[in-house]
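The values are calculated or read from the model by the stated rules, or taken from the named source; none is laboratory data. Since we're looking at a predicted model, the values are computed, not measured. Reconstructed Cβ throughout: ideal geometry from the backbone, glycine too, with neighbour counts over all protein chains shown. Calculation scope for accessible area: heavy atoms of the full protein, side chains included, ligands and nucleic acids excluded. Shrake-Rupley method; radii C 1.70, N 1.55, O 1.52, S 1.80 Å.
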Amino acid sequence: MTVELSNVGFRTTIEKLRLHSWLLGPGQPTEVIDCFPEANGDFTLIVDDRADTHISSADGRLYLGWFPDGRPGAEDEGWVLAVTGTAKVPGYRVVFDPQTPARLVAATVSEVLATARRQ
């Protein structure tokens, strides 16, 4: 049995080893808040005395909280997205830390809103 040694081991190029530029920093929270339709009355937006923002659906099953200084009593919670389940299917909760780029949170929120259906 012969082994082709030119295919063994780690090979790369200088170009592949160059650092990438990644999306970093919290960005603008309006990128997330703008995901919610303004005029249809399906969502309520509240800004509290700590400047935390809370958005909920009219049926109360979707909640989004933005805590720019972190959620009180919780560690590393900047964004909290929660959807209440039903009697047959459990809901879910997604948490992003305060430094998560708003664009990534907005993509998640947009996907959740796009899959919502009236019953």
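Looking only at residues in the stretch 69-119 that are part of a loop (DSSP other than H, G, I, E, B) and touching a residue at least 40 places away in the same chain (Cβ under 8 Å), the one that is nearest to Phe43 (Cα to Cα) is Ala116. Entry remark, the stretch 53-64: residues being surrounded by fewer than 17 Cβ atoms within 10 Å (Cβ to Cβ) and under 14 Å from the mean Cα position of the chain (by Cα) number 1 in total. Restricting the first member to the stretch 12-24 and to residues that are more than 21 Å from Phe96 (Cβ to Cβ), and the second to residues that are at pLDDT 85 or above and outside any loop (DSSP other than H, G, I, E, B), no beta-carbon pair is closer than 9 Å while six or more apart or on different chains. Among the residues of the stretch 21-35, the one identified as exposed (fewer than 10 other Cβ atoms within 10 Å of the Cβ) and among the polar types (S, T, N, Q) is Ser21. The set of residues in the stretch 41-65 that are in contact with a His (Cβ under 8 Å, 6 or more places away or on another chain) and either part of a loop (DSSP other than H, G, I, E, B) or aromatic (Phe, Trp, Tyr) (or both) comprises Asp48, Tyr63.
Of these, Ala58, Ala106, which one is within 20 Å of Gly25 (Cβ to Cβ) and of a type in the set (Gly, Ala, Ser)?
Details: Ala58 fails: within 20 Å of Gly25 (Cβ to Cβ).
None of the others qualify; the one that does is Ala106.
All told, Glu38 falls short of being in a helix (DSSP H, G or I), at pLDDT below 90, surrounded by fewer than 12 Cβ atoms within 10 Å (Cβ to Cβ) and acidic (Asp, Glu). Scanning the stretch 65-88 for residues that are open to solvent by 90 Å² or more (accessible area, probe 1.4 Å) and of a type outside the set (Lys, Arg), we see that the one that is modelled with the highest pLDDT is Ala87.
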